[in-house]
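Report on one structure; see the data block that follows.
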Amino acid sequence: MKVLSIRQPWASLIAYGYKEYEFRNWKTKYRGELLIHASKGMEKENMKFFKDLNIPFETGKIIAKVNLVDCVEVTSNFENKLIKQKPNIYGHSQGRGGYAFKVTEPILIKPISINGKLGLWNYDYKE
């Protein structure tokens, strides 16, 4: 199964259903099931905004499964719409550019300790 490594707090925000778009500077044609890997790197300056959610922010583990349903180019109108809808999730940076991967149906899984990789990578996941 395909896997995407994401820094915290963004990986957990996706896993727990708070965040529906993950931003990248590259696009993908892949659609389907996708595992979310919380990389070892954390954006510590952003962690403070989400401490009241009381969700775990594990690192170095695959933590959830989602469906990757779309990949859209990020325009200023698209970005502004997201910030207006969820300012606490999307309002901590602007001028992203690139692409937004839309993910749906997050399901938490038993965490799997593994090193992440760049891009979409494969993992032999057994449910």
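For the residue pairs Lys81/Lys117; Lys29/Lys51; Lys27/Lys81; Lys84/Lys117; Lys81/Lys126; Lys44/Lys126, alpha carbon separations beyond 29 Å are given by Lys81/Lys117; Lys29/Lys51; Lys84/Lys117; Lys81/Lys126; Lys44/Lys126.
The chymotrypsin sites (Phe, Trp or Tyr not before Pro) of the stretch 1-69 that DSSP puts in a loop, and whose beta carbon has at most 15 other beta carbons within 10 Å, are Trp26, Tyr30.
Length gained on full extension, Lys48 to Leu118: 22.6 nm, using 0.36 nm per residue less the C-alpha separation. Annotation note: trypsin sites (Lys or Arg not before Pro) in the stretch 30-127 located in DSSP loop regions with a Cβ neighbour count of at most 11 within 10 Å are Lys126. Checking the cross-link filter: which aspartates and glutamates have an alpha carbon closer than 17 Å to that of Lys86, excluding same-chain neighbours under 8 positions apart? List returned: Glu20, Glu22, Asp52.
Considering only Tyr16, Thr75, Thr104, and ranking their Cα positions along the charge dipole of the chain that arises from unit charges at the beta-carbon of Lys, Arg, Asp and Glu, the one farthest toward the positive end is Thr75. Its Cα centre serving as origin, the chain has a Cβ charge dipole (Lys and Arg +1, Asp and Glu -1) of approximately 160 debye. Label-to-label distance for His92 and Leu108 is 2.0 nm, based on points extended 7 Å past Cα in the beta-carbon direction. Against the empirical curve 2.2 N^0.38 Å, the C-alpha radius of gyration of the chain lands at a ratio of 1.00. Multiplying the residue separation of Met1 and Arg31 by 0.36 nm and removing their Cα-Cα distance gives an extension gain of 9.7 nm. Partners of Lys110 within straight-line reach, counting aspartates and glutamates whose Cα lies under 16 Å from its Cα and excluding those fewer than 8 residues away in the same chain: Glu58, Asp124, Glu127.
Since every read-out is calculated from the coordinates, none of them should be taken as a lab result. What you see is a predicted model, and the numbers here were worked out from it, not measured in a lab. Note that we place each Cβ from the backbone using ideal geometry, even for glycine, and neighbour counts take in every protein chain shown.
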